[in-house]
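The values are calculated or read from the model by the stated rules, or taken from the named source; none is laboratory data. On a predicted model such as this, the values are computed, not experimentally measured, just so you know. Here the Cβ positions follow ideal geometry from the backbone for every residue, glycine too, while neighbour counts run over all protein chains shown. Note: areas computed on protein heavy atoms with side chains; ligands, DNA, RNA excluded. Shrake-Rupley method; radii C 1.70, N 1.55, O 1.52, S 1.80 Å.
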Amino acid sequence: MCQAVEARLVDCAVLPIENSLGGSIHRNYDLLLRHNLYIVGQVQHAVCYCLLALPGANFEEINRVLSHPQALAQCEHTLTKPFTNKVPVREAVDDTAGAAQMLPPLPARVQQTYIEMNILASDIQDDQDNVTRFLMLAREPIIPRSGKPFKTSIVFSLEEGPGMIFKALAVFAMRDINLTKIESRPSKKRPLCICDDGNGMRSN
Ligand SMILES: *[C@@H]1O[C@H](CO)[C@@H](O)[C@H](O)[C@H]1NC(C)=O
Ligand SMILES: *[C@@H]1O[C@H](CO)[C@@H](O)[C@H](O)[C@H]1NC(C)=O
């Protein structure tokens, strides 16, 4: 995805960076370092799932629910609750939208479309506050307009020494700059250094 932006195949990439339940997506932080792209925006998105059924079908008639295994897992509690008599069989398929196309078409229907399906229930995910933050990446930076608050990401490494992180953070505190997040990643060029602290003990 990042390569596609660099190769000018697309103008912008949207990269998930953090999830409210799962935390930081470290793999994508590392992608930011490996590619020569600029962060030009952010989007926060909450995943909401709906239960779709063929017209006329109601809860009591549902025997099978098809979706991506992740979606089924994220709706597990809700999918087993509304069905009082029986629990429908949950069947894993490749993608959530594709599952809608796999339902057997009604005889009168020429072509199956999503529009022909009814929403039996919406917001059926077990966790109602599962929000993912995405970064928008582009080849060119945007110049922040004055008078408008903006957010900047900075990457740096520190020499070893007492209070180094404290000193680095003081730079922001002295200038009244709010910090929203600090992320620590291993340095690939300088893997864990094993130091002899003089007591014959080794520490990192
Ligand atoms: C929250 O959303 C993310 C991204 O869609 C997903 O990977 C994760 O499994 C979800 N967590 C829960 C507990 O639903
Ligand atoms: C920084 O944080 C303070 C306290 O939450 C807030 O009042 C202020 O508006 C923030 N500044 C910016 C530029 O977001």
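Things to note:
- Condition met for MET174 (open to solvent by 100 Å² or more (accessible area, probe 1.4 Å) and either in the same structural domain as TYR29 (by TED's automatic domain parsing) or modelled with pLDDT of 70 or more (or both)): yes
- Residues satisfying the stated conditions in the range 126-156, i.e. open to solvent by 100 Å² or more (accessible area, probe 1.4 Å) and in contact (Cβ under 8 Å) with a residue 12 or more places away in the chain: ASP129, GLU140, ILE142, LYS151, VAL155, PHE156
- Residue match in the range 88-95 (condition: small (Gly, Ala, Ser), part of a loop (DSSP other than H, G, I, E, B) and touching a Leu at 6+ places or on another chain (Cβ under 9 Å)): no
- Test set (1) surrounded by 12 or more Cβ atoms within 10 Å (Cβ to Cβ); (2) more than 31 Å from the chain's Cα centre (by Cα); (3) of a type in the set (D, E, K, R) - ARG90 fails condition number: (2)
- Criterion (assigned to a helix (DSSP H, G or I), out of contact with any helix residue (DSSP H, G or I) (no Cβ under 8 Å at 6 or more places or on another chain) and modelled with pLDDT of 70 or more) met by exactly one of LYS181, LYS151, LYS189, LYS167: LYS167
- Of all the numbered requirements in (1) at pLDDT 85 or above; (2) not in a loop (DSSP other than H, G, I, E, B), ILE115 misses one, and that requirement is (1).
- Those helices (runs of 4 or more DSSP H) of the range 1-81 in which at least 3 residues are in the same structural domain as VAL93 (by TED's automatic domain parsing) and not aliphatic (A, V, I, L, M), considering only elements entirely within it, cover 69-74, 76-80.
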